[in-house]
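Engineer: Below is the structure I would like to discuss, written out as structure tokens.
The values are calculated or read from the model by the stated rules, or taken from the named source; none is laboratory data. Values in this document were obtained by computation on a predicted structure and should not be read as measured data. Positions of Cβ are backbone-derived with ideal geometry, glycine not excepted, and every protein chain shown enters the neighbour counts.
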Amino acid sequence: MSAKTAALLGATGMIGSYLLEQLLNDPWFDTIRVIVRRPFANSHPKIEVKLVDFNDYESLKLAIDGSDVLFCAIGTTQKKVKGDKELYRKVDFDIPVKAEKICEETGCKKFVIVSSVGANSQSGNFYLKLKGELESVLEQMGLEGMESVHIMQPSMLLGNRKEKRPGEKIVQGAMRFISFILAGSLRKYKPIHGKVVAAAMLNAAKTDKKGVFRYGYDEIMAMTS
């Protein structure tokens, strides 16, 4: 087996940081390209830090070119963009779409991304509608030019975040408490740890499956068992 190069978008977020840790410990990959817009301090010998301007297509393309797999865990919050929906869309929609297009152009055959349970382009909820629109575009693009596209659809994420989100710890605790009653069609809403989602992303990238695949709670758990 020849070692692979992985590109990672969103390395500073919850899932991205868990995924980076797992990638560094996985011999399947010998190079991890951490694509960021701000300086990223990590001296691990497997890491290549790629500082990019996400508004500059060629800058992002140079960072991705030569990768075998692209992992996308990038995302923002309403708080970070101060309620600006257009800016939110630029991060959560435009960047992943540009990244997948670049994968097609540069020969990066596998694209693995975090979306959300309930993603639906017809939803009245801004976040779920945006995720649904993104999934639809990625699926169409993937069918045309990628070997595989893997879309993770977790519900409430458990784990540690670098930024503080007031009330989230309380919600996480409540979700843990009621998780056991989420059965049948409600199982997809079970909370799941960010480490588990990251592990599922890593394992999905190492499969030989061809096509577009979505992973809800049960599929994510199965991918890590």
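Engineer: If I filter region 107-127 for residues that are assigned to a helix (DSSP H, G or I), in contact (Cβ under 8 Å) with a residue 40 or more places away in the chain, hydroxyl-bearing (S, T, Y) and surrounded by 15 or more Cβ atoms within 10 Å (Cβ to Cβ), do I get at least one hit?
Structural biologist: The answer is no, given that none of the residues of region 107-127 is assigned to a helix (DSSP H, G or I), in contact (Cβ under 8 Å) with a residue 40 or more places away in the chain, hydroxyl-bearing (S, T, Y) and surrounded by 15 or more Cβ atoms within 10 Å (Cβ to Cβ).
Engineer: A further question on this structure: Just for region 11-60: of the residues that are over 20 Å from A204 (Cβ atoms) and of a type in the set (S, T, Y), which one is farthest from the chain's Cα centre (by Cα)?
Structural biologist: S43
Engineer: Still on this structure: Could you name every one of the helices (runs of 4 or more DSSP H) located completely within region 1-102 that has at least 3 residues being touching a strand residue (DSSP E or B) at 6+ places or on another chain (Cβ under 9 Å) and either touching a residue at least 24 places away in the same chain (Cβ under 8 Å) or among the aromatic types (F, W, Y) (or both)?
Structural biologist: Passing ranges, in order: 14-24, 57-64.
Engineer: Residue by residue through region 128-151, note down the ones that are at pLDDT 95 or above and either more than 17 Å from V97 (Cβ to Cβ) or not hydrophobic (A, V, I, L, M, F, W, C) (or both).
Structural biologist: The answer is L128, K129, K131, G132, E133, E135, S136, S148, H150.
Engineer: Related question: Could you tell me how many of the residues in region 65-104 are crowded, with 19+ Cβ neighbours inside 10 Å and more than 30 Å from W28 (Cβ to Cβ)?
Structural biologist: Count: 1.
Engineer: Across region 13-64, which residue is surrounded by the most Cβ atoms within 10 Å (Cβ to Cβ) among those that are among the hydroxyl-bearing types (S, T, Y) and under 24 Å from T106 (Cα atoms)?
Structural biologist: T31
Engineer: Follow-up question, since we're still on this one. Output the residue which, of all residues in region 189-216 that are of a type in the set (S, T, Y) and over 17 Å from A73 (Cα atoms), is surrounded by the fewest Cβ atoms within 10 Å (Cβ to Cβ).
Structural biologist: Among those that are of a type in the set (S, T, Y) and over 17 Å from A73 (Cα atoms), it is T207.
Engineer: Would you confirm, using the coordinates I've provided, whether S123 is within 14 Å of the chain's Cα centre (by Cα), more than 19 Å from V52 (Cα to Cα) and hydroxyl-bearing (S, T, Y)?
Structural biologist: It is false that S123 is within 14 Å of the chain's Cα centre (by Cα), more than 19 Å from V52 (Cα to Cα) and hydroxyl-bearing (S, T, Y).
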